[in-house]
Structure formats: structure tokens, C-alpha cells
Amino acid sequence: MRDRLVALTPKPISIERLTRVHHTRHIKQVRSVAERGGGGLMGMGDETYLAPRSYDAARLAAGAVVTGVEAILRGEVKNAFALVRPPGHHAFADHGEGFCLFNNIAIAAATARAEFGIDRVLIVDFDVHHGNGTNSIFYRDPACSFFLRISGHLSGTGYWDEVGEGAGVGYSVNVPLLPGWGDEAMRSIFDDLLVPIARRFQPQLILVSAGYDLSWTDRLGSMLVTTPGFFNLTRTLVQLADELCGGKLVMTLEGGYGLDGLAYGVLASFAAMLGDEAAADPIGPGRYPEKPFDDQYLDQLRALHGLPPQ
């Protein structure tokens, strides 16, 4: 796969770009704790811990997603995938959570809007855990439409009735998932909810927080998505980008803790972004049959967001 890809060299995100999303106090605190040798950070939760190089790594991760956006908007590549750690979608403007220090995807969206004249950014998040930081940052913002899913883990946010506030009402779409859903459920949610909402929004750029903890191999999650399932999700996003915004699609890595599912899921996404017709499944299907998807639930979500029933 490496031979088919164009390698982009990221640069650490500048402080100016960081402060478009994050409070100066938060940035200084992350840097200070790292420079003191690491440790926990107030307000970030026990699971989020800094090592001595965490500040540098977090700036480089955010810079990598922006590097992908820049390359696409300058016409150097068609689409991009930032393979980064730490992840970002749990980071709020004033604090981090869930292993996330800075919100990589939000910084990329802010950069595209401020420096490249992009007015409408669609952010898609297919991680098991709710992208609560991204949701909070854009909750009142009609220029960023945010399509999310959650299966009830971690944050206690991301309920179906969280649709935005103020000028942002209707621009946040939260779809709670049931444990045991897999490829068929995700296909229905993407094809019958995401696609019509994206067409209505008409984005100029699509950014994706890609979490491979939806994999059936991931014991931290409870979902049953397979390698071909990740291929199909990504292919839908590629097709949407081709239709709506000249193929402008940037994905960045979020969750994923079952290493086989993570590795082959990412490879499947690469294959879809390169235009392949299908992806192999070296690790086989899930151990359990998928839980049937509830079409009535989808109709309720479609009605909530102004779409007719299927």
C-alpha cells in the first residue's frame, strides 16, 4: 500500500492556528505539564496523561491534519489521511479529555475557513465514542455541519436530540448506536441519513474523525463492523466528496484499540480513497451475528432532521 500513497511531511501547528480553537490558558497548561516531565492535567480526566513530549506530539498531530487540508486545497493531492496520535475529538476549547489534548479536526476546519475561504465544512465522526469536544466547539456554528454517532460510551453526550443551539440549530446530527450493530446498520445510517443531509448542506470540504473502535475485534467497543464495512463507509464519503466538493476529503485517526481491526480498517479506508472496488477481509467476519437495525428508529431521526420517511 505504501507505494501507492503520496507522503506528506507535517509541520507542528502554529500557536496562531491553535488559538483559533483553544484558549491560551489551556495551550500553556499542556506545554507546562509536559515540560515538567509529564503527569495528569487538571480537568482532563484520569485517562489523559502527558509525557514529556506530549505537547510536541499534539502540535504535530494537529499540524498533520492541517497539512492534509492545505495539500488538497492547493491541488497537490485529491484526498488525505492523517495517521496521528494523540487523537483529538474529545478536546474542548478550554480542556482535553479522552486521550485528546488539542482538537485536530476542529483546528483543520478553522484553518480552512480562515485561510482558504471555505464557508461550509462537513465533519463526520464514526468513532464509537462521541466526539464531544468537536460537538461543543461547533454547536452554535451553522458553517460546520457535524454528523456524529455514539454507542453510549465515555462522555454521556451525543443524544439524538442534541441538534445544535442558536444559529447552529439543525447543524449537529447525533445518532446513538446500539451494541451489536455492524456493517448493515452503518450502511443504513450513512446512505439514508448522512447522504441526504450532506446534499442539503452542500459542503466545500469534508473532514472525517475516523475511529476504528467500531471493529468487531475491539473489546473496548461493542460494535461488529468488518474490514469491508470500513471500506464501504469510506467509499460513501469519497463518493459524497466527489459529488459535492471536488473530492476534497481529509480523514484523521481517532480511536481504535483492537490492533488487527485498526490496521486492516485503515488499509480498507486507504483502498476506498484510492478508488479500489473492494477490500479483502484478512481477519474474517465478526464473532457474533449483527443485531438487526431498526428502520423505525432511522425514520424518527430523518423526521427530526427534516427528511421524509423511507
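The values are calculated or read from the model by the stated rules, or taken from the named source; none is laboratory data. In this text, all values refer to a predicted model and were calculated from it rather than measured experimentally. Positions of Cβ are generated from backbone atoms using ideal geometry, with glycine treated the same way; all protein chains shown enter the neighbour counts.
Observations, loosely collected:
Yes/no per residue for (1) under 19 Å from the mean Cα position of the chain (by Cα); (2) without any contact (Cβ under 8 Å) to a residue 24 or more places away in the chain; (3) buried (at least 19 other Cβ atoms within 10 Å of the Cβ):
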{"site": "Arg4", "(1), (2), (3)": "no, no, no"}
{"site": "Thr19", "(1), (2), (3)": "no, yes, no"}
{"site": "Arg25", "(1), (2), (3)": "no, no, no"}
{"site": "Arg53", "(1), (2), (3)": "no, yes, no"}
{"site": "Ala58", "(1), (2), (3)": "yes, no, yes"}
{"site": "Ala61", "(1), (2), (3)": "yes, no, yes"}
{"site": "Gly75", "(1), (2), (3)": "no, yes, no"}
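- Selection over region 88-112 of residues that are in a helix (DSSP H, G or I) and touching a Cys at 6+ places or on another chain (Cβ under 8 Å) gives a count of 1.
- Taken together, the residues in region 69-94 that are out of contact with any Ser or Thr (no Cβ under 9 Å at 6 or more places or on another chain) and farther than 18 Å from Asp125 by Cα amount to 9.
- Residue under evaluation Thr252, criteria (1) hydroxyl-bearing (Ser, Thr, Tyr); (2) surrounded by fewer than 24 Cβ atoms within 10 Å (Cβ to Cβ); (3) touching a residue at least 60 places away in the same chain (Cβ under 8 Å), criterion not met: (2)
- Condition met for Thr67 (of a type in the set (Ser, Thr, Tyr) and either surrounded by fewer than 17 Cβ atoms within 10 Å (Cβ to Cβ) or over 18 Å from the mean Cα position of the chain (by Cα) (or both)): no
- In region 157-186, residue modelled with the highest pLDDT [restricted to those that are more than 20 Å from Leu304 (Cβ to Cβ) and part of a loop (DSSP other than H, G, I, E, B)]: Gly180
- Subset tally (residues that are within 15 Å of Ser222 (Cα to Cα) and modelled with pLDDT of 90 or more) for region 260-288: 2
- From the options Ile123, Ile118, residue that is among the aliphatic types (A, V, I, L, M) and crowded, with 24+ Cβ neighbours inside 10 Å: Ile123
- One residue stands out in region 126-150 among those that are assigned to a helix (DSSP H, G or I) and in contact with a helix residue (DSSP H, G or I) (Cβ under 6 Å, 6 or more places away or on another chain): the one that is surrounded by the most Cβ atoms within 10 Å (Cβ to Cβ), namely Thr134.
- Residue within region 245-262 that is within 30 Å of Gln204 (Cα to Cα) and in a helix (DSSP H, G or I) present: yes
- The one condition in (1) in contact with a Phe, Trp or Tyr (Cβ under 7 Å, 6 or more places away or on another chain); (2) more than 22 Å from Ala80 (Cα to Cα); (3) among the polar types (S, T, N, Q) that Ser145 fails to fulfil: (2)
- Residues of region 295-310 that are in contact (Cβ under 8 Å) with a residue 60 or more places away in the chain, on the phi < 0 side of the Ramachandran plot and part of a loop (DSSP other than H, G, I, E, B): His305, Leu307, Gln310.
- In the condition set (1) farther than 20 Å from Asp218 by Cβ; (2) in contact (Cβ under 8 Å) with a residue 12 or more places away in the chain; (3) of a type outside the set (Asp, Glu), Asn132 is compliant with all but (1).
- Count of region 1-31 residues which are modelled with pLDDT of 95 or more and more than 25 Å from Ala110 (Cα to Cα): 3
- Residue among Leu237, Leu207 that is buried (at least 24 other Cβ atoms within 10 Å of the Cβ) and either hydroxyl-bearing (Ser, Thr, Tyr) or part of a strand (DSSP E or B) (or both): Leu207
- If the condition is being touching a helix residue (DSSP H, G or I) at 6+ places or on another chain (Cβ under 8 Å), of a type in the set (S, T, N, Q) and either touching a residue at least 40 places away in the same chain (Cβ under 8 Å) or over 26 Å from Ile72 (Cβ atoms) (or both), then region 188-240 contributes Ser188, Gln202, Gln204, Ser209, Ser215, Thr217, Thr226, Thr227, Asn232, Thr236.
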